[in-house]
1. Rounded to whole Hz and in sequence order, give me ³J(HN,Hα) for the stretch 295-307 from the Karplus expression 6.51 cos²θ - 1.76 cosθ + 1.60, θ = phi - 60°, writing x for Gly and Pro.
2. If I ignore ligands, DNA and RNA and count only protein heavy atoms, how much of residue 231 is accessible to a 1.4 Å probe, in Å² to the nearest 10?
3. Just to check I understand the Karplus step: with θ = phi - 60° and J = 6.51 cos²θ - 1.76 cosθ + 1.60, what whole-Hz values come out for the stretch 380-394, glycine and proline as x?
4. Could you calculate, for the stretch 298-401, the ratio of the Cα radius of gyration to the Kirkwood radius, expressed as Rg to Rh?
5. Going down the table (218/256; 144/354; 218/292), which pairs top 28 Å between alpha carbons?
6. Roughly speaking, what % of Cα-Cα pairs in the stretch 268-326 are separated by over 18 Å, rounded to a whole number?
7. Could you put 99, 58, 294 in order of accessible surface area, largest first, with the 1.4 Å probe and the full protein assembly present?
8. What share of Cα pairs, in percent, lie more than 13 angstrom apart in the stretch 352-401?
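The values are calculated or read from the model by the stated rules, or taken from the named source; none is laboratory data. In this text the structure is predicted, and so the values were computed from the model without any measurement. Methodologically, a virtual Cβ is constructed for each residue, glycine included, from the backbone with ideal geometry; neighbour enumeration extends over all protein chains shown. Accessible surface areas use protein heavy atoms only, side chains included; no ligands, DNA or RNA. Shrake-Rupley method; radii C 1.70, N 1.55, O 1.52, S 1.80 Å.
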Amino acid sequence: MNILGRCTTNVPVLNYLFSTILVNMKLMKVDCLVCGKPTSATHMGMDACRACTVFYKRNHRKRDKLKCGYGKRVCMDDTRSNVFNCRKCRIARFEMVMRSGGIDTSPSSSPPLLLENNNNNNNNDNNNNRSAKSSSNGPLILEKIRANHQALSSFRRTSELTLRGIEIDPADASDEQYELIPSSYRLMNEGMKVLVVGLFEFASSTFAEFRTLQNAEKWLLIRNYHRCFFCMDAALRSLRRFGKRFDNLYGSYTTKISLDTIDDFFADCPDPSTVPAAAKAFRSRWHANVPKLRALIRKVNPTDDEFLAIIGLAFWSFEGLQTSDNLEELGVRYRAEFTTALSDHYRATIGVEKGAIRIGVLLCMQQLFKIAEMELKSDYEIYHIMGAFDDETLTYRLQVL
């Protein structure tokens, strides 16, 4: 996975990546940092238009052979006209913008990360037809999700630790052998930023058709999915790390929340005066929901393959949302594919009859997680009314866009 593999240790690049997603979120144009012209797309993890990006890709290896057309190397200071007429200075300006974002521009560096977020939702009909007719991933869908989920987990883990200035041995990180710290409002918000960036790449790498969807549809899927994914992933990791009681829950990938640390969680929220009321509401929800989640996970105790199938099913489950016929068709196909993958797995292990029962149990678990996710959405609204969350709180902002 390109983004997940290249941005885990570079905080400026992570912030650039997220800024491109925010551009999509607002569906607005920005000025290209190279040529200054408005652009409805961002590339290479920064605000650069397609024309400048294509130019750079074609010419950056020739940089040493080019000369300034005006002989004074001042073209790059004028983004209105001259920089387009001088290839030398256009490349120099592009690389200056890249370096400001922490991207290596040295000749020995790997090819730069390319990320395009096109904010024009008028994708052509050919893309829609192609996504509806293209074949699905076949029987290897669970293996594809396994690989991409591992990459997403690694990205979340390393990025969160890096944002806190922590370097960790890759072997310790992969074995989850690192200290969890109490979560807080700020750490939760940073963790959600990392998750959203990662989910876009996870979806693109797992489901080929996702890349051809209109941006509005991509955002619809990610906004519908991110909280449910977080709840399921955190619950299963809590079971495995803390045991079947798991009095601690994950606040982000590398932080934890317990009843004893709820007050501290809100200590750095936008309005500290709301801490007592927000903490009281959090505790109330904890007592109402956490025991049910404990019992659910303890009873179902999903295997790795079952968990992978459930997170795949959840991505394509969007009942009650207004979606296009193309998206509905993709949802039906992928849900059937995951169900078939589970059936094939059970046929070879516990038998068809027991497998059918097990599928029913897993689907019920998915629905219960969806209910928990909707209650979490309601909680965020309450925190926002109190002032513990504001309009810039990402976990709240994602649900009101």
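1. 5, 5, 5, 5, 6, 7, 6, x, 6, 4, 5, 5, 4
2. Accessible surface of residue 231 is approximately 30 Å².
3. Once θ is set to phi - 60°, the couplings for the stretch 380-394 become 4, 5, 5, 4, 5, 4, 5, x, 5, 10, 10, 5, 9, 6, 4 Hz.
4. Reported Rg/Rh (Cα atoms, Kirkwood Rh): 1.09.
5. 218/256; 218/292
6. 64 percent
7. My answer, sorted largest first, is 58, 99, 294.
8. 64 percent
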